[in-house]
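Let me begin by presenting the structure, written as structure tokens, before commenting on it.
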Amino acid sequence: MTGGGAEPRSAHLPVMFPQVMEGLRVVQDGTYLDGTFGRGGHARGVLQRLGAGGRLLLMDKDPEAIAVAGREFGADARVAIQRGSFADLAQWDAVRAGLDGVLFDLGVSSPQLDVAERGFSFGKDGPLDMRMDPDAGESAAQWLARADEREIADVLWTYGEERMSRRIARAIVARRAIEPFTRTADLAAVIATAMPRGKSDIHPATRSFQAIRIHVNRELEDLERGLAAAHDALKPGGRLTVISFHSLEDRIVKRFIAGRAKAPPANRRLPETTGFVPTLRAIGDASKAAADELAGNPRARSAVLRVAEKLPVGATA
């Protein structure tokens with residue numbers, strides 16, 4: 001959720017705040033899940049629109065985000081908090097009665113990017129970690145220490161769409177034979193030396209860092225699982241609202257919604273199947289941040305918002 005959360009006293013709203021609130025269409029006695037709490041910018045907006053009978057469920061992998069949620073919302077009887085991935089939302093008892101809205105604000109949060117010790121940023125030297133949940137899975141340093149050259153190249157190409165993936169992987173493997181990678185600045189420097197010089201304003205390590213982060217955190221796998229779980233948990237009329245920050249995420253969200261909103265095209269070479277029954281309705285087209293928001297928050301420039309509504313059983317799209 002790059003650019004997503006802001007501290008309570010910040011002058012900046014979370015990414016695409018008005019559009020998200022419009023997309024969720026909060027009703028006072030509804031139950032809503034924010035699966036990526038971050039620093040709570042969107043959650044505050046939902047809570048302000050809920051009445052005494054409403055419920056707000058908050059999830060995040062990041063223990064620091066959960067700590068903020070506890071401090072700011074823990075005393076509110078309408079709020080429940082759970083540490084974990086939204087991919088596992090169906091396992092939370094509070095979800096089983098059904099949801100009127102779900103929000104996923106994908107990617108890495110501004111606090112995670114801005115704190116060097118989290119190891120997400122090539123612009124700030126810190127431990128090479130990149131885990132959203134520092135208590136689970138391998139760190140980026142651990143993965144780079146054991147992965148072979150082909151696996152590294154595949155990750156850089158698949159998740160970063162990095163054209164120089166093989167060259168960078170070769171440089172990483174050559175360098176780690178001399179000394180293991182432990183710092184973000186060190187990895188960024190090796191990647192930069194492997195890249196041909198160009199005129200691009202984008203840092204040469206941008207795509208590689210993105211790819212490694214996505215791989216380490218299983219972000220795309222979690223997104224696919226989370227979308228399916230959210231779809232099943234939504235009540236008829238409930239809204240699914242997702243903010244993506246790069247094409248791989250947005251492609252998954254777009255296909256997920258389209259696959260449940262529109263019948264697949266007919267294929268004359270295949271036998272006819274039973275009639276398609278839509279379960280979602282896309283609400284408008286994908287939207288992007290407005291110019292005034294971009295002026296104050298350049299990180300929002302890549303944000304794409306998609307909204308879908310759960311249909312009653314047997315409804316037509």
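The values are calculated or read from the model by the stated rules, or taken from the named source; none is laboratory data. Keep in mind the model is a prediction, meaning the values are calculated, not measured. Every residue, glycine among them, receives a Cβ derived from its backbone with ideal geometry; neighbour counts consider all protein chains shown. We work out accessible area using only protein heavy atoms, side chains counted, and drop any ligands, DNA or RNA first. Shrake-Rupley method; radii C 1.70, N 1.55, O 1.52, S 1.80 Å.
Quick notes on this one:
- The chain, accessible area per residue, ligands and nucleic acids excluded (1.4 Å, Å²): 50 Å²
- Reach of residue 254 by Cα under 17 Å, taken over lysines that are not fewer than 8 positions away in the same chain: 262, 288, 310
- Gain on full stretching of the segment that runs from residue 221 to residue 52 - 0.36 nm per residue minus C-alpha separation: 57.2 nm
- Percent carbon-and-sulfur accessible area, segment 39-110, ignoring ligands, DNA and RNA, probe 1.4 Å: 47 percent
- Relative packing of peptides 138-147, 57-66, 156-165 - highest average C-beta neighbours within 10 Å first: 57-66, 156-165, 138-147
- Computed about its Cα centre, the charge dipole of the chain is approximately 880 debye, with only Lys, Arg, Asp and Glu carrying charge at their Cβ.
- Per-residue surface analysis assigns residue 276 an accessible area of about 80 Å², computed on protein heavy atoms at 1.4 Å probe radius.
- Cα-only radius of gyration and Dmax that characterise the chain, units Å: 20.7, 63
- Segment 178-294, relative contact order in percent, only Cα pairs under 8 angstrom and at least six apart counted: 15 percent
- Other-chain or far-sequence residues with amide H under 5 Å of residue 79's (modelled H): 56
- The chain: relative contact order in percent, alpha carbon pairs under 8 Å with at least 6 residues between: 19 percent
- A straight Cα-to-Cα reach below 15 Å connects residue 124 with the aspartates and glutamates 114, 186, residues fewer than 8 places away in its own chain not being considered.
- Solvent-accessible area, 1.4 Å probe, carbon plus sulfur percent, for segment 160-249: 50 percent
- Rounded to 5, percent antiparallel among DSSP beta bridges of the chain: 40 percent
- Remark: the residue 255-residue 290 segment gains 10.2 nm on full extension, using 0.36 nm per residue and subtracting the alpha carbon distance.
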